[in-house]
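Chemist: The structure's right below; bear with me while I get my questions together.
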Amino acid sequence: MSVSTAVSSDVTSDVAVIGAGIIGLSAAHHLARQGFTVTVYESGRPGYGQSAGESRIFRHAHDDPRLVALAVRAREQWREWSDEVGTPLISADGAVALGPAVPERSTILQQQGVAVEKLDPSALRDVLPILREPDDTGCGGSAMFDGSAMFDTAAMLDVDGGSIDTRSAITWLADRFADVTVGEQVIALHHSENGVTVRTPTTVGNHGAAVICAGRGTAALARGVGLSVPVQLGAHVRVSFAVRDTGIRMPTVQDGSGVFGARGVYAAVYPDRSGYGLGMAGSVDAHDDGAIDDGAGLADLAGAAAEYVAAALPGLDPTPRDVVHCWVTSLPWGDDGMAIWRSGPIVAFAGHNLFKHAPLIGQTLADTVRSGQVPAAFAPEARLGAAD
Ligand SMILES: Cc1cc2nc3c(=O)[nH]c(=O)nc-3n(C[C@H](O)[C@H](O)[C@H](O)COP(=O)(O)OP(=O)(O)OC[C@H]3O[C@@H](n4cnc5c(N)ncnc54)[C@H](O)[C@@H]3O)c2cc1C
């Protein structure tokens, strides 16, 4: 006598999407667009994992020209989403970059027809008025600043870059799938006769396929279905600082110059233009189980952000306002690395610095489910996003 495994809390749909961050929600959006019924599984609040916080940088510039091409297509989709949402999801202020990587990156942008402007120091000041004047030595008491060095620093403006309004994007997408979202942690998923079974504390889901885009949770779920996703886990912090004059132009900033004592600084203005979220590149290492040996290292990163603001950005109040702590899930081939893994009808996605590419990644995941094929560019062996 066979025992029925059917339980009252069975869930069924064509595709299970595990994780309601920007990638999962974008995948659900495109799957629904392609006519699939979708169930979204989310153990926390949609958009409060690595997608937390008010803003992100949209930039076209990447060391890997393939990611520039991806960003161009993603930028088009952000325009379409903005039309649907009825508000610009990317600010019109542009994206500024400073430092030794600029010349090569701007060449790649020009080769791909992306609008980019070379900025001399006075043009830089016009585009980025929060920045310290080259001849202003009152550098927040720090001896780091050598104004003349700014004259030797390469700078560019990515005209169609800008600050992403993360909350509006997340809210719009999450609301669309609110009725089909299971607000529970996926404990396991496995292949089954009709496709995939997904198990949460109180539900059993039966789906034709599944997309795992659970950020920090992806590697463990993928390993359960035989996929080895080499995520390197870390923890990061970003701090926000108030803008002194809200009537000015506020492009996003990436500073790799070292002129103000730090390299690898990034900053994106909040949608309400009241402040910037600013962070230092780098994260504190974490073990696969999430244990962090050097929690105090996050305080050092936050302190370095405040010091940078005092040194470089007098247009901001250097008093920290609020913070975003989050996991970082980078791949071995680079901070901008991303890839798709597949085991039959189960697809897993991982990478970092993904927000800007999210509309395009979501479409690619939906196409992968429909075709059953991972596009060659997203296969792990393609090392998409590698700088070399
Ligand atoms: C401070 C900071 C600054 C950044 N700056 C930029 C930037 O300027 N530009 C840019 O493009 N990118 C940037 N990024 C990266 C970008 O934000 C992330 O790559 C992106 O948000 C990842 O989205 P995701 O959907 O893959 O992951 P997440 O947003 O983490 O979503 C995964 C979701 O899965 C859920 N989940 C996990 N396990 C399970 C489970 N077992 N069952 C159910 N649900 C589960 C989690 O709760 C989470 O909500 C930044 C990231 C941080 C943290």
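Chemist: Rank-order 231-244, 68-81 by packing density, defined as the average count of other C-beta atoms within 10 Å over each peptide's residues, highest first.
Modeler: 231-244, 68-81
Chemist: Taking 0.36 nm per residue of sequence separation and subtracting the Cα-Cα distance, how much length would be gained by fully extending the chain between Lys118 and Asp367, in nm to one decimal?
Modeler: Going from the current span to full extension adds 85.9 nm.
Chemist: Let a ≥ b ≥ c be the square roots of the eigenvalues of the Cα gyration tensor of the range 226-348; is it rounded (a/c under 1.5), or, if not, prolate (a/b larger than b/c) or oblate? Could the numbers behind the result be given before it?
Modeler: Values: a/c = 2.43, a/b = 1.88, b/c = 1.30.
Taking the square roots of the gyration eigenvalues as a ≥ b ≥ c, the range 226-348 is prolate.
Chemist: By the gyration tensor of its Cα atoms, with a ≥ b ≥ c the square roots of the eigenvalues, what is the shape of the range 52-130: rounded for a/c under 1.5, prolate for a/b over b/c, or oblate?
Modeler: The shape class here is oblate.
Chemist: While we're here: Roughly how many Å is it from the Cα centre of the range 157-214 to that of the range 330-362, as a whole number?
Modeler: Each part reduced to its Cα centre gives a spacing of 14 Å.
Chemist: Based on DSSP, what percent of beta bridges with both residues in the chain are antiparallel, to the nearest 5?
Modeler: 70
Chemist: Quick one: if the Förster radius is 35 Å, what FRET efficiency do Asp388 and Val11 give, using the C-beta to C-beta distance and rounding to 0.05?
Modeler: Values: r = 44 Å, r/R0 = 1.25.
The value I calculate is 0.20.
Chemist: Please compute the modelled spin-label separation between His325 and Arg199, points set 7 Å along Cα→Cβ, answer in nm with one decimal.
Modeler: 3.2
Chemist: In Å, what is the Rg of the alpha-carbon atoms in the chain, and how long is Dmax?
Modeler: 21.7, 86
Chemist: Which angle from 0 to 90°, rounded to the nearest 10, does the C-alpha axis of helix 22-33 make with the longest principal axis of the chain?
Modeler: 50
Chemist: Same structure, new question: Where Lys and Arg each count +1 and Asp and Glu each count -1, what net charge lies around Asp367 among other residues with Cβ under 15 Å from its Cβ?
Modeler: Neighbour charge sum, excluding Asp367 itself: +3.
Chemist: Further question: Considering only C-alpha atoms, what is the centroid distance from the range 233-272 to the range 296-313, in Å?
Modeler: Centre-to-centre (Cα) distance: 11 Å.
Chemist: Using only DSSP helix segments of four residues or longer, with each worth -39500 (n - 2.57), what per-residue ellipticity at 222 nm results for the chain after dividing by its residue count and rounding to 500?
Modeler: My calculation for the chain gives -8000 deg cm²/dmol from helical runs alone.
Chemist: Can you tell me the 0 to 90 degree angle between the C-alpha axis of helix 296-312 and the longest principal axis of the chain, rounded to 10?
Modeler: 40
Chemist: Which value, in debye to the nearest 20, gives the size of the charge dipole of the chain about its Cα centre, when Lys and Arg are +1 and Asp and Glu are -1 at the Cβ?
Modeler: 780
Chemist: Note down the nm distance, to one decimal, between modelled labels 7 Å out along Cα→Cβ at Asp152 and at Ala376.
Modeler: 4.4
Chemist: Could I ask something else about it? Percent of accessible area on the chain owned by carbon and sulfur, 1.4 Å probe?
Modeler: With neighbouring chains kept in place, the figure for the chain is 51 percent.
Chemist: With the dipole of the chain worked out from charges on the C-beta (+1 for Lys and Arg, -1 for Asp and Glu) around the Cα centre, which of Ser163, Val38, Val239 lies farthest toward the positive end?
Modeler: Going by the charge dipole, the pick is Val38.
Chemist: Another question, if that's okay. Using per-residue counts of other Cβ atoms within 10 Å, averaged over each peptide, order 100-106, 320-326 from highest down.
Modeler: By packing density, highest mean first, the sequence is 100-106, 320-326.
Chemist: Report the extension gain between Gln185 and Tyr48 in nm, rounded to one decimal, defined as 0.36 nm multiplied by the number of residues separating them, less their alpha carbon distance. Intermediate values should be presented prior to the final figure.
Modeler: Details: separation 137, 0.36 × 137 = 49.32 nm, distance 1.41 nm.
That pair, Gln185 and Tyr48, stretches by 47.9 nm at full extension.
Chemist: Ok, one more. On C-alpha positions alone, give me the angle between the axis of helix 102-111 and the longest principal axis of the chain, in degrees, nearest 10.
Modeler: Roughly 60 degrees, rounded to the nearest 10.
Chemist: Which whole-number percent is the relative contact order of the chain (Cα, under 8 Å, 6+ apart)?
Modeler: 24
Chemist: To continue, here is another question. Extending each Cα 7 Å along its Cβ direction at Arg244 and Ser82, get the distance between those two points in nm, one decimal.
Modeler: 2.9
Chemist: Percent of Cα-Cα pairs per 5 Å bin, from 0 to the last occupied bin, for the range 1-136, please list those.
Modeler: With a bin width of 5 Å, the distribution comes to 2, 8, 12, 14, 15, 14, 11, 8, 6, 4, 3, 2, 1, 1, 1, 0, 0, 0.
The values are calculated or read from the model by the stated rules, or taken from the named source; none is laboratory data. Since the structure is predicted, the reported quantities are computational estimates derived from the model, not experimental observations. A quick note on method: Cβ atoms are made from the backbone with ideal geometry, for glycine too, and the neighbour counts reach across all protein chains shown. When the accessible area is computed, the model is the full protein with side chains, heavy atoms only, and any ligands, DNA or RNA have been set aside. Shrake-Rupley method; radii C 1.70, N 1.55, O 1.52, S 1.80 Å.
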